[in-house]
Amino acid sequence: MYKILFKQDLVPNVHLFKIEAPKVAKKAQAGQFVVIRVDEKGERIPLTIADWKQEEGSITIVFMEVGTTTHRLALLQAGDSLLNFVGPLGLPTHIEHFGTVVCVAGGFAVATIMPIARALKEKGNKVIAMLGARNKDLIFWEDQLRSVSDQLIVTTNDGSYARKGLVTEPLKELLESDERIDRVIAIGPSLMMKFCAKTTEPFGVKTIVSLNPIMVEGTGMCGCCRVSIGGVTKFACMDGPEFDGYQVDWDLLLARQRIYLEEEKISFEQWQSQHGISLDDV
Amino acid sequence: MPKLNLKREPMPKQEPKVRRRNFNEVALGYDFKQAQAEANRCLQCPKRPCIKGCPVGINIPGFIKALTEGNMLEAARILKDKNSLPAICGRVCPQETQCEAVCVLAKPGAPVAIGRLERYVADWQREKANSSSAPTPLAPTGKRVAVVGSGPAGLAAAADLAKMGHKVTLFEALHVGGGVLVYGIPEFRLPKDIVQAEIDYVTSLGVELQLDSVIGKIDTVDELLTNGYNAVFLGTGAGLPVLLNIPGENLGGVYSANEFLTRVNLMKAYLFPEYDTPLRLGKRVAVIGGGNVAMDSARCAIRFGAQEVYVVYRRSKEEMPARQEEVENAEEEGIQFKFLTSPKQFLGNAQNWVIGMECYEMELGEPDESGRRRPIVKPRSEFILDVDVVIIALGTTPNPLIAATTKGLETTRWGTVTANETTGKTVKPKVWAGGDIVTGTATVISAMGAGKRAAASIDTYLKGLH
Ligand SMILES: Cc1cc2nc3c(=O)[nH]c(=O)nc-3n(C[C@H](O)[C@H](O)[C@H](O)COP(=O)(O)OP(=O)(O)OC[C@H]3O[C@@H](n4cnc5c(N)ncnc54)[C@H](O)[C@@H]3O)c2cc1C
Ligand SMILES: Cc1cc2nc3c(=O)[nH]c(=O)nc-3n(C[C@H](O)[C@H](O)[C@H](O)COP(=O)(O)OP(=O)(O)OC[C@H]3O[C@@H](n4cnc5c(N)ncnc54)[C@H](O)[C@@H]3O)c2cc1C
Ligand code: SF4
Ligand code: SF4
Ligand code: FES
């Protein structure tokens, strides 16, 4: 059992857990993830490692409520435990001194990009961070991200905070400016990553994305997470999750993410009826 | 000399019509009378040829004799002497190519049903005997061994090492122990409470089982050795699915057998939504392959409610590597076989879901390296099979993680780890390996045998340490 040491509600549907998992904390690196299971009947789901403290033996995860498992997670409190917690899985982000790196985070992926931006900064890179959210209420960790970057640009789709629009707009402007950009790392919803890659492609700046296909065990033994990279099949849990954004077959990724929509709905409706929650409440 | 009795006692089974829609065990096991009748057919041959057919050399006439005498405890003891997993092997060993193949009654066509008797004795012991029968380990030696992977190879190695007095930690990547026995072989062929009983037995010997522990991601093998383990046994199996590399392979509805079986067996998708892991299954399912994995996938698919299930195999029936008994079971359950057929590509709809499989007809040519006749494509023989789910069951290779994170291991071009056949010793000091990681997909009993041999070799090595 893996104890929840600390819980924080970051924005209405996004929560942070600090979890006791010393073996994982000892080895965690930026860009890696864990696979968790709430209880005996639960699904195994992957979540990115947002932070880790070796001394404390803890791993921080940040998750958004989207379906059954993440809603069930959200009901847990500090002191409760998760049944399973495996990691650190996937390859760590490739970190070196590149020069100037743009780190783009879509929505709650700010938690995913944090350790990457920090590691890049520690290696002496100039880090330009961009944070895009649907609206003001969904923004968190703005100050933290600013603290590990040289410059931070925030956008909201509805203009309720900072610049109005999508992150791809300032990204494009930056690429058109005189500033030399050596690498872009874009993490967020699949469509946002796809459009970031489309934006940078004409400029030929290496663009890394972190893919989130459906996974089962996360150790390379089932092939559920397969993605097509430059026409070659790769297992995201083992060969990724980060890949060259220009090489990704986005349509395939999006289609494979939708495989279980109907079952996810059945599962969620059952869960809601058992918990006396209606769709309007969540 | 007893009279020659060529009537094998049939195994009681669930009716095909009933069992094809449930996940309960198919073969129900002998009762006392049936077991006695079958055991009495054994001739107690002075030369005991059957023993050589068993990869771990069980004293087969010995346990059968004890059984005929009603001395069940002795029969169980003889089995456990060589085989720590008799309830499992009695169910899943390919007996027709091992012990029963060399039984003197095999020639006239009715070998003693050694596997079924082994199962009977092991089940009796689990259900009836006092479970406090775990032997007391020898005095602690103070030596520590890390066993990586809890499939049959790892379980056997861990059990023997613990009995020898060593302190054993068993690391397992998944959330339960058992390896293929839990995530691959389905409940209806090997009930999971039997596997769990074997794991409980191993931990009762003092073995510490650490789940959720991927070696190479947490500590590496080298770190285990520097952190206080005196030796490491690698029993990580061959878990990486082989795909076909043909167009359409990543369409929705195309599963590797590993994913399909993991969802069904490990995650219990057949109990969805009570268990939360889903599985999307259609009406017409094609399973590609001809081994045990293909049979298991096909039989799970029919139990999931598929209307038509095809096993598509590129050679003919004679060459199929699956256990004969399971092929017969599959046929009885209504699985259809398409022999001499090989996929060319998968066709999808606008939603990227598979709707068909274009196939070639094949014919058999000259024998290849495996001694089986090589399948060759018949020109212009393409046809389309309408399917909405495909399961690729072509086999697996070892996961590269261990080899990639362990300095000084030697691997072959198939990704298997090189180890001495009799000792399991790898070329790397203090590291042994056995089971599918060394041989590629083989059998439960051969993996177990490799685990036992390595345990003996590790014990000798540890005794030489000071
Ligand atoms: C490498 C990786 C890192 C991730 N990191 C985070 C993170 O830090 N925070 C976070 O909130 N989410 C993260 N996700 C996504 C997260 O795993 C899914 O949101 C979660 O599985 C949804 O489960 P559910 O039961 O709540 O919803 P469901 O109703 O089951 O699914 C909702 C959506 O989640 C996707 N999904 C469902 N099951 C899985 C699965 N087993 N694996 C992957 N995706 C699935 C589906 O495509 C669907 O679109 C990550 C995914 C991957 C692959
Ligand atoms: C569907 C199917 C049906 C089969 N049917 C039969 C049958 O009827 N009869 C028969 O004799 N054989 C059968 N086999 C073959 C048999 O199951 C295998 O040969 C046998 O299980 C191999 O045992 P093993 O201990 O080497 O590996 P496995 O059983 O594969 O166990 C390896 C274990 O190591 C774990 N592991 C892997 N990497 C790591 C790591 N880095 N760190 C920690 N743990 C790790 C895995 O999670 C797994 O639990 C079948 C196989 C399959 C897939
Ligand atoms: S372990 Fe397998 S091969 Fe050996 S006697 Fe038992 S069934 Fe036969
Ligand atoms: S060969 Fe057959 S008949 Fe002879 S001892 Fe062995 S099991 Fe009995
Ligand atoms: S999740 Fe199973 S191979 Fe990646």
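Based on Cα contacts under 8 Å between residues 6+ apart, chain B shows a relative contact order of 16 percent.
Please identify the longest segment of chain B free of exposed GluC sites (Glu not before Pro), where exposed means a DSSP state other than H, G, I, E or B and no more than 12 other Cβ atoms within 10 Å. Walk me through the numbers on the way to the answer.
Numbers: sites that count: B:GLU69, B:GLU274, B:GLU369, B:GLU410, B:GLU421.
Answer - B:70-273.
Across segment A:2-89, the mean sequence separation of Cα contacts (distance under 8 Å, 6 or more residues apart), normalised by length, yields a relative contact order of 40 percent.
What the Cβ-Cβ distance of A:GLN29 and B:LYS47 gives, at R0 = 51 Å and to the nearest 0.05, is a FRET efficiency of 0.25. The magnitude of the dipole of the protein assembly as shown, with charges of +1 and -1 set on the Cβ of Lys/Arg and Asp/Glu and taken from the Cα centre, is near 2180 debye.
On the beta carbon distance between B:ASN22 and B:GLN307, with R0 = 22 Å, the FRET formula returns roughly 0.85.
Among the listed pairs A:LYS121/A:LYS172; A:LYS41/B:LYS192; B:LYS167/B:LYS463; B:LYS80/B:LYS425; B:LYS143/B:LYS463; B:LYS163/B:LYS217, give every one whose C-alpha distance is greater than 18 Å. Long pairs (Cα-Cα over 18 Å): A:LYS121/A:LYS172; B:LYS80/B:LYS425; B:LYS163/B:LYS217. Between the amide H of B:VAL147 and those of B:THR169, B:LEU170, B:PHE171, B:PHE233, distances stay under 5 Å, these residues lying 5 or more places away or on another chain, with hydrogens modeled in the peptide plane. For a label point 7 angstrom out from the Cα of B:ALA456 toward its Cβ, which stretches of segment B:43-60 have the backbone nitrogen within less than 17 Å? Residues B:51-60 fall inside that zone.
For chain A, give me the percentage of DSSP beta bridges that are antiparallel, rounded to the nearest 5 percent. Please report the intermediate quantities before stating the final value.
Working: 35 of 58 bridges.
In chain A, DSSP labels about 60 percent of beta bridges as antiparallel.
Here the Karplus relation 6.51 cos²θ - 1.76 cosθ + 1.60, evaluated at θ = phi - 60°, turns the backbone of segment B:348-363 into coupling constants of x, 9, 5, 8, 6, 9, 5, 10, x, 9, 7, 10, 9, 7, 10, 9 Hz, with x for every Gly and Pro.
For peptide A:256-262, the mean count of partner chain Cβ atoms within 10 Å of a residue's Cβ comes to 4. Working from Cα pairs under 8 Å separated by at least six residues, relative contact order for segment A:100-257 is 19 percent. Taking one quarter of the surface of the C-alpha convex hull of chain B gives a mean projected area of 23.8 nm². Shielding of peptide B:266-279 by partners, expressed as the average count of other chain Cβ atoms within 10 Å per residue Cβ, is 6. The angle separating the long axis of helix A:110-122 from the principal Cα axis of greatest extent in chain A is about 50 degrees.
Hydrophobic long helices, here whole DSSP H runs in chain B with Kyte-Doolittle means of at least -1.0 and Cα atoms spread over 24 Å or more along the helix axis, are found at B:444-463.
Placing a label point 7 Å from the Cα of B:LEU465 along the Cα-to-Cβ direction, the residues of segment B:414-443 whose backbone N falls under 13 Å from that point are B:429-432. Quote the FRET efficiency, to the nearest 0.05, computed for B:GLU382 versus B:ALA350 with a Förster distance R0 of 30 Å and r equal to the Cβ-Cβ distance. In this case the efficiency is close to 0.85. A simple spin-label model places the labels of B:ASP193 and B:LYS7 3.4 nm from each other, with each point 7 Å out along Cα-to-Cβ.
Helix A:261-274 axis versus longest C-alpha principal axis of chain A: approximately 50°, rounded to the nearest ten. Under conditions of 20 °C and 1.002 mPa s, segment A:100-257 yields 135 µm² s⁻¹ as its translational diffusion coefficient, taking Rh as the Kirkwood radius over Cα pairs in the Stokes-Einstein equation.
Need one number: the % of Cα-Cα pairs in segment A:2-89 sitting beyond the 22 Å mark. If you can, show how the numbers build up before the last one.
Values: 589 of 3828 pairs.
That fraction is 15 percent.
Each peptide in A:4-16, A:116-128 gets a packing score, the mean of other Cβ atoms within 10 Å over its residues, and the list from highest to lowest is A:116-128, A:4-16. Spin-label pair A:LEU76-A:GLN144: with each label point 7 Å from Cα along the Cα-Cβ axis, the two points sit 1.8 nm from one another.
Helix-derived [θ] at 222 nm for chain A: sum -39500 (n - 2.57) over DSSP H runs of at least 4, divide by residue count, nearest 500? After summing the helix terms and dividing by the residues of chain A, the value is -8000 deg cm²/dmol. Inter-label distance, A:LYS123 to A:LEU254: 3.1 nm, where each label sits 7 Å from its Cα along the C-beta direction.
Read-outs: derived from the displayed coordinates by stated rules, not from any lab. All figures in this text were calculated on a predicted structure; none of them were measured in a lab. Here the Cβ is made from the backbone with ideal geometry for all residues, glycine too, and neighbour counts use every protein chain on show.
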